[in-house]
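Single-structure report; data block below.
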Amino acid sequence: MLRNTTTGYGLVAIAFHWTMAILMLGMVAFGLYMTSLDQSDPSLYPLYQLHKSIGLVVLTLAVLRLAWRFVNPSPKLPEGMAPVERLAAHLGHAGLYGLILLLPFSGWLMVSASPWGIPTYVFGLFQVPHLPVPAALGDKATAEALLKQVHEIAAWTLLALVAAHAAAALKHHFIARDDTLRRMVSTAPARADI
Ligand code: HEM
Ligand code: HEM
């Protein structure tokens with residue numbers, strides 16, 4: 001069962017969710033680790049290239065995931081949720097989608113703005129061009145510094161939102177005892193709609 005139904009997620013959405021969850025959280029840890037090392041060490045170069053390569057894969061997956069979401073039904077939220085909980089769930093998911101796009105995009109724009117002009121080689125295979133940096137962001141050094149801040153703040157925002165998101169999933173499972181978590185690990189709830 002590949003597609004979503006109104007009662008649950010299909011295999012594609014489930015695979016996207018958990019692959020991206022691991023990649024996004026792994027990339028936050030990776031970014032924090034590599035920026036904590038001695039920045040004058042030349043052996044950092046391959047580490048930065050790897051961070052950028054995985055990040056661009058994440059950006060590609062994010063676009064594919066959103067496209068898949070728009071050509072599929074979205075499972076309905078469980079009955080019995082208060083209007084404010086429904087709103088929080090929708091805003092939370094929208095925020096997570098926004099960050100899945102903003103993190104890699106701000107990273108790409110940041111390296112494009114860098115006065116060092118260091119090229120990005122995806123897994124050493126091919127070079128990815130730099131993006132045009134909007135003039136409104138100021139000169140290269142100012143734009144790079146600003147985008148670095150955006151990249152870092154977005155990463156901490158992601159951690160906070162994911163903590164709330166995972167807590168909500170556990171609340172659904174153990175307190176409300178509904179199918180919310182189950183339908184993100186199994187396609188069985190999706191089949192109830194057939
Ligand atoms: C896909 C999701 C991504 C996540 C979750 C992520 C996360 C992070 C984090 C947490 C840091 C450390 C921030 C700090 O403490 O300064 C970082 C640094 C960095 N990221 Fe990413 N990143 C992602 C994608 C990318 C992409 C696509 C690029 C470039 C193509 C990129 C380029 C960089 C660079 C150059 C740094 C070092 C910034 C500095 O020197 O302070 N990142 N990233
Ligand atoms: C770490 C533990 C995580 C758990 C337990 C978890 C659990 C869930 C569950 C149960 C749903 C389904 C909600 C529903 O049916 O209405 C969901 C949806 C979603 N999750 Fe997670 N998640 C986790 C991590 C993440 C991470 C790290 C991200 C993003 C970086 C993320 C992004 C999303 C998005 C965007 C949706 C909405 C899917 C849609 O309906 O379009 N999740 N998650």
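Read the figures in this text as sums done on the coordinates, not as results from a lab. Computed from a prediction, not measured in an experiment: that's the story for all the values here. Don't worry about glycine lacking a Cβ; one is built from the backbone with ideal geometry, like all the others, and counts go over all protein chains shown.
Between GLU85 and LEU131, the simple label model (points 7 Å from Cα in the Cβ direction) yields a spacing of 3.7 nm.
Dipole magnitude for the chain: computed about the Cα centre from +1 point charges on Lys and Arg Cβ and -1 point charges on Asp and Glu Cβ, it is near 600 debye. For the chain, the equivalent ellipsoid derived from the Cα gyration tensor has semi-axes of 36, 17, 16 Å, listed largest first.
Label zone (MET20, point 7 Å along Cα-to-C-beta; backbone nitrogen cut-off 15 Å) within the stretch 169-184: 184.
Using a Förster radius of 35 Å, what is the FRET efficiency between HIS93 and SER40 based on their Cβ-Cβ separation? Nearest 0.05, please. Working from the Cβ atoms, E equals 0.25. Computed over the chain, relative contact order equals 32 percent, with contacts defined as Cα pairs under 8 Å that lie 6+ residues apart. Note on the chain: lysine pairs with Cα distance below 28 Å, sequence gap of 8 or more or different chains, count 4.
Shown here for the stretch 46-96: trypsin sites (Lys or Arg not before Pro) in loop regions (DSSP other than H, G, I, E, B) with at most 14 other Cβ atoms within 10 Å, namely LYS76.
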